[in-house]
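This report refers to the structure that appears directly beneath it.
The values are calculated or read from the model by the stated rules, or taken from the named source; none is laboratory data. Just so it is clear, the model here is predicted, and its values are computed rather than measured. Glycine gets a Cβ as well: all are built from the backbone with ideal geometry, and neighbour counts include every protein chain shown. Keep in mind that these areas ignore ligands, DNA and RNA; they rest on the heavy atoms of the full protein, side chains included. Shrake-Rupley method; radii C 1.70, N 1.55, O 1.52, S 1.80 Å.
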Amino acid sequence: MRDIEKVIDEYITLAIPMPRMAAAEKFLRGTARAATPYIMVAPAILTLCVFVVYPIMYMIWLSAFRWDMIGPKIYVGLGNFIELFSNPDFYLVIGNTFKFMSLSVSISIILALFLAVYLKANTRVNALLQSFIFTPYITSMVSVAFIWAWLMNSEYGLLNFMLGKAGVGGVRWLEDAGAAMYSMILVAVWKGLGYNVIILISAMRAIPRQLYEAAVLDNTKPFRTFFRITLPMISPTLFFLTLMNIIAAFKVFDQIALMTGGGPINATNTLVFDIYQFGFKFYQLGYASAQGVVLMALIAVCTAAYFGALSKRVHYGGEA
Amino acid sequence: MTGIELRGVEKAYGKNPPVIENLDLQIEEGSFTILLGPSGCGKSTILRMIAGLERETAGHIFINGEDMRDVSPGGRGIAMVFQNYALYPTMTVKENIEFGLKNIKTPKQEREARVTEVVKMVGLTNYVNRKPQHLSGGQRQRVALARAIVKKPKVFLMDEPLSNLDAKLRAQIRTDLIELHRNLGATFVYVTHDQVEAMSMGTDIVLLDNGRIRQQGSPGSIYSAPRNLFTAQFIGSPPMNVVKAEDMEYRVDHAPHGTVSLGFRPENAVIVSERNPSERGRALFRGELAAREILGDHAIYKFKTACGSIRAKIMSGSTVEYGEWFVGVDRKYLYYFDEKGDAII
Ligand SMILES: Nc1ncnc2c1ncn2[C@@H]1O[C@H](COP(=O)(O)OP(=O)(O)OP(=O)(O)O)[C@@H](O)[C@H]1O
Ligand SMILES: [Mg+2]
């Protein structure tokens, strides 16, 4: 840090001629020195403002209007929010979103932990299995949705065909209001699992081997080794990964749009999909914006709660 | 009964050629045995096989007469101190020390008592609730020791436990380890490539080279009666001077038959200004003083001679000026080696 300051200082000294340092020059020099870091981060900040801060502000502003994209904007104050919170469908959508988020994230993370423990050993078979498991993650959601929609088709899908062979009755995976959400969770877990596994494996591989040797010498059982050594050692990664999963799950959209369109009877309708429908199908942009504001608040509150609950239990700091 | 015995042990990593072949080694119960040798000679491998962290590809390892082949590392009655300590970073000092005891379900009361005692022994009483990352290198070292001591093992295995410490701390912990060994009466097996550590702490030194034992014995015998050139040149600081007999300007007429090279320790050399032809029974070298290191109580001089460079370690006296000198060695300090490098007695 100090070095950088020194370099900047020298640079400024060179840039500003200083035969005799008048007070004004001194002032200029001080100002330039103070301003340098801000000038340097300005491009990044500017980009952030244009593409992130402005849209958010615009969304919040828009949530106070009724607007169909063509006609004039009509100011309604908190009208959109009142309408939102008195709509029973909205609560259904929120519930769906939480159900999707909590189940898909917890299943995916726990499954990924298991798989990572078994796949972390550096063997050829494991390398192959890792790439298998990673493939869905890099496959486009459109293909994934298409494949799973076919697999889950209740009449000629492979899943029901196999269930039939096994003597079990078929499931109406995507048409049954009770099953559809679980089908969505299944697909989401299947698609995102590989990423979680890879990240967890790399975190586990970074744990010094000596720790496990010390544990063996200390007569530690495998189960306890996992909970007392592996898990605490990967806690920073696990913490961050789970958070990213949560935020991504809150924002689920393409999968819903492609596979169920929020149906049947709103059973898989989640917040972002609902926003899309109100905004770009029903052209109620003010109402959709109000939903967006709620989504943003939800994510913020959940993230804060997550941090509050768990960040103290994360082990930061190097090995010793 | 021996403490630890290795019989015909071989170790190969994967498909590589074996790094240790047909090794026989006896480590006496209660000894402070040092495995000494240059980097890569297989010291750690031997230690890790004794610990059970590495499986021997052939042969048998016995601890207290018991074959260890199917005994897990935790069941061998040993404790190990790693070079980088391998403390559990997420646990406090206390948790680190008691972890092994908890695993074998030691009753809480006994556990507490043992931990308290050990913590006191290594002087960490005020640090029990700290995480290792908030400790200095020396303190971490002590935690690692405490973690081993608390298990009351019959055998302590240590793999270069001092190499991450500065010289002063190293010297201090060396004495601590000697005391510890005397107090506990356990067998210590200690790996190092530092001969000072080996000589100062060991009761028994096993000198290794390329996976083979070159000599085993007390520090005194290894120093004064090296059985081969390797031992002669590995032990001592600076190491023994070795010259080819045929290169010598002034022949030694009393060398035994078959002598190919001669050796003498720098500390046994004297520096004289002229050659005294009447003086017999002394090996003599003419050389140019090339470098001198004045080290307080002694000085080390390096001479360029007809048979290579020669070092002399002079305990005190006035500083020798740069120029031409003679280096003399009394015949009783000479070692003779044959063409295979074995000592001729
Ligand atoms: N896991 C391993 N896989 C392959 N070869 C290994 C492995 N561990 C050690 N070796 C090889 O075995 C030989 C002995 O290694 P070892 O670690 O026992 O040496 P060392 O005497 O402890 O050396 P140092 O003083 O550098 O620690 C070396 O040639 C090394 O390359
Ligand atoms: Mg080693």
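Can you give the local net charge around residue B:290? Use residues other than it whose beta-carbon is closer than 12 angstrom to its beta-carbon, Lys and Arg +1, Asp and Glu -1. Intermediate values should be presented prior to the final figure.
On the way: positive: B:292, B:302, B:304, B:311; negative: B:288, B:293, B:324.
Taking every other residue near residue B:290 into account, the sum is +1.
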So which of A:120/B:108; A:221/B:152; B:131/B:151 end up more than 24 Å apart, counting from Cα to Cα?
A:120/B:108
Residue-ordered couplings for region B:145-157, obtained by feeding phi - 60° into the Karplus form 6.51 cos²θ - 1.76 cosθ + 1.60 and rounding to whole Hz (Gly and Pro as x), are 5, 4, 4, 6, 4, 4, 7, 6, x, 7, 10, 9, 10
Residue A:40-residue A:69 pseudo-label distance in nm [points 7 Å out on the Cα-to-Cβ vector]:
4.5 nm
If one computes the Cα centroid of region B:319-340 and of region B:85-164, what distance in Å separates the two points?
50 Å
Residue-wise HN-Hα coupling along region B:30-40, computed from phi with Karplus coefficients 6.51, -1.76, 1.60 (Hz; x: Gly, Pro)
x, 7, 10, 9, 9, 8, 10, x, x, 4, x
DSSP-defined beta bridges in the protein assembly as shown - what % are antiparallel, rounded to 5
75 percent
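Mind ordering A:192-199, A:241-248 by average Cβ neighbours within 10 Å, highest first?
Going from most to least packed, we get A:192-199, A:241-248.
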Using 1/(1 + (r/R0)^6) with R0 = 41 angstrom and r between the beta carbons of residue A:114 and residue B:70, what's the FRET efficiency to the nearest 0.05?
0.90
Using a 1.4 Å probe and ignoring any ligands, DNA or RNA, find the accessible area of residue A:86 and quote it in Å² to the nearest 10.
80 Å²
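Packing-wise, with mean Cβ within 10 Å as the measure, how do B:294-304, B:238-248 rank, highest first?
Put in order of decreasing packing, that is B:238-248, B:294-304.
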What is the average number of partner chain Cβ atoms found within 10 Å of a Cβ in B:79-88?
5
Only Cα pairs within less than 10 Å get springs; with that Gaussian network setup on chain A, which residue of A:252, A:41, A:117 has the largest fluctuation?
A:41
Mean other chain Cβ within 10 Å across B:100-108 is 3
For residue B:58, list long-range residues whose amide hydrogen, built 1.01 Å from N in the peptide plane, is under 5 Å from its own amide hydrogen.
B:10
Quick query: amide H of residue B:214 versus all other amide H atoms, modeled in the peptide plane; which residues come in under 5 Å with a sequence gap of 5 or more or a different chain?
B:207, B:208, B:209
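Quick check: net charge around residue B:311, other residues with Cβ under 14 Å of its Cβ, Lys/Arg +1 and Asp/Glu -1?
Counting the neighbours of residue B:311, the net charge comes to +2.
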Could you tell me the calculated FRET efficiency between residue B:332 and residue B:125, based on Cβ-Cβ distance and R0 = 45 angstrom, to the nearest 0.05?
0.25
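Based on DSSP H runs of at least 4 residues, each adding -39500 (n - 2.57), what is the mean residue ellipticity at 222 nm of chain A after dividing by all its residues, to the nearest 500 deg cm²/dmol?
On the way: 15 runs with 223 residues, N = 320.
Mean residue ellipticity at 222 nm (helix-derived): -23000 deg cm²/dmol.
Listed highest first by mean packing, meaning other Cβ atoms within 10 Å per residue, what order do B:184-193, A:120-129 come in?
Going from most to least packed, we get B:184-193, A:120-129.
Between beta-carbons, use under 9 Å as the cut-off and find the net charge around residue A:287, counting Lys and Arg +1, Asp and Glu -1. Walk me through the numbers on the way to the answer.
Working: positive: A:66; negative: A:83.
It works out to a net charge of 0.
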Residue mean of other protein chain beta carbons inside 10 Å, A:206-214
5
